[in-house]
1. Using the Cα centre of the range 84-201 as origin and beta-carbon charges of +1 (Lys, Arg) and -1 (Asp, Glu), tell me which of A137, L98, V150 is placed farthest towards the positive end of the dipole.
2. How big is the gap, in Å, between the Cα center of the range 210-236 and the Cα center of the range 118-147?
3. What are the ³J(HN,Hα) couplings of the range 258-268, residue after residue, when phi is run through the Karplus curve with 6.51, -1.76, 1.60 and θ = phi - 60°? Round to Hz, x for glycine and proline.
4. Going by the alpha-carbon gyration tensor, a ≥ b ≥ c the square roots of its eigenvalues, is the range 127-218 rounded (a/c under 1.5) or, if a/c is not under 1.5, prolate (a/b greater than b/c) versus oblate?
5. Can you pick out the pairs among K115/K156; K109/K191; K225/K292; K115/K174; K109/K225 whose Cα atoms lie more than 18 Å from each other?
6. Which whole-number percent gives the relative contact order of the range 84-201, counting Cα pairs below 8 Å spaced six or more residues apart?
7. Let me spell out the model: positive unit charges on the Cβ of Lys and Arg, negative unit charges on the Cβ of Asp and Glu, origin at the Cα centre of the range 84-201. What dipole size does that give, in debye rounded to 20?
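Since every read-out is calculated from the coordinates, none of them should be taken as a lab result. Computed from a prediction, not measured in an experiment: that's the story for all the values here. Ideal geometry is used to build each Cβ from the backbone, glycine not excepted, and the neighbour counts take in all protein chains shown.
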Amino acid sequence: MRRSPRLLSIAPPAVSPGEGSKPAETKGNKADGEASEGKPGRRGRTGKDGPVGKPRDFDEVWATVTQLRAIRDAPVDTMGCHMLTDSEAAPEDRRFQLLVAVMLSSQTKDQENAKAMHNLHAYFKGKGGLTRKNLAAMEERELDAQIKGVGFHNTKTRNLIRVANLLEDRFHGKVPDTMEGLLSLPGVGPKMAVLVMEVGHGRRDAGICVDTHVHRIAAMLGWTKDAKTPEATRQQLEARLPVEVWPDVNLLLVGLGQMIQQRPFDLLQRCIKCTDPVAAFRLVGRIGGNLKVIDKATGD
C-alpha cells in the first residue's frame, strides 16, 4: 500500500477562521505567532521562563542538521505516525487513523507502533477499514490483541475506545481541529495534539512535537535551559525557534537521535559529505555521538 510521506493532503486546502482552527494558546505561553515577540535580535538572554531569542548558532546548526538528514531513512521516516495511515481512505478516516497512531506511540518504539497499526489495518480489511465507528464497536479484548506490542497497551485500549465514542458525542464524529479539543481526549498529550494539528489539519504553526530525542538534543545544543520535562522543552523551543522550522524539528532531530543510537557509522559517513564536515562532526559530538565508531564489517 502506497503511503503519502507527510499526509499534508489530509488537511483541507483552506482554513476558515472561527471554525475551531484558530492557533491555540497554551498555559504560560502566547499564541504561536507571538511566541518570541518583544525582543527581536536579542540572543542568548535568559528570562524567568527560560532563554529568549533565537539561539546564537541556530542557523549554522540547523543547516548542518538538514544536510545530515537529507536522506530520510531513519525509523521515524518510514514508521513514524505520519506514515501509518491508509492513503486511500477518506480524509476524516485518515485523521482518525493518525490520532490512533499517535495515541499508540507513547512509550513505544516506531517499529512496534507500526506493527500495531499494520495489525489494525489488516483486522479491518474488507470491513470498511480502520474508522472511528469500526473501532468504537470493538470489544476491548479484540482491540488489545491487535496492539499488545505497544507500551501500556491495556490503558491505550480503554482510551482508544473511549475516544472513538467521545468524538461522536462531542465533535460530531470528527477529530478536533483545536489543541483544546484534542487535549480534552483521554490519552492525548501536547506532543500528540501538535502532530495531529500539523499533519492531520495542515496547521504548520500548531507547535513543536517534543519526545525524548528532541528533549535531550535541544538541551545538549543549548536551545533550552533547565527544562525538566518535554512540555517545558516545547514551550522554550516555541519561544525561540522560527515558526517556519517548527514542523521539521521533530522529524529531523528524532531521526538524528535514532541514527546516533542505531547507525553511528552511517552518520559519520554523512558528516564527511557535508558542506562543512568539521562542523558536522562537531555537532554530532555535541549531541552525544561517538566519533570513534568502527565499521565491524570493514574495520574502517
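1. Positive-end residue among those listed: V150.
2. Going from one Cα centre to the other spans 35 Å.
3. 5, 5, 4, 7, 10, 9, x, 5, 4, 5, 5
4. oblate
5. K225/K292; K115/K174; K109/K225
6. Relative contact order for the range 84-201 comes out at 29 percent.
7. 220 debye
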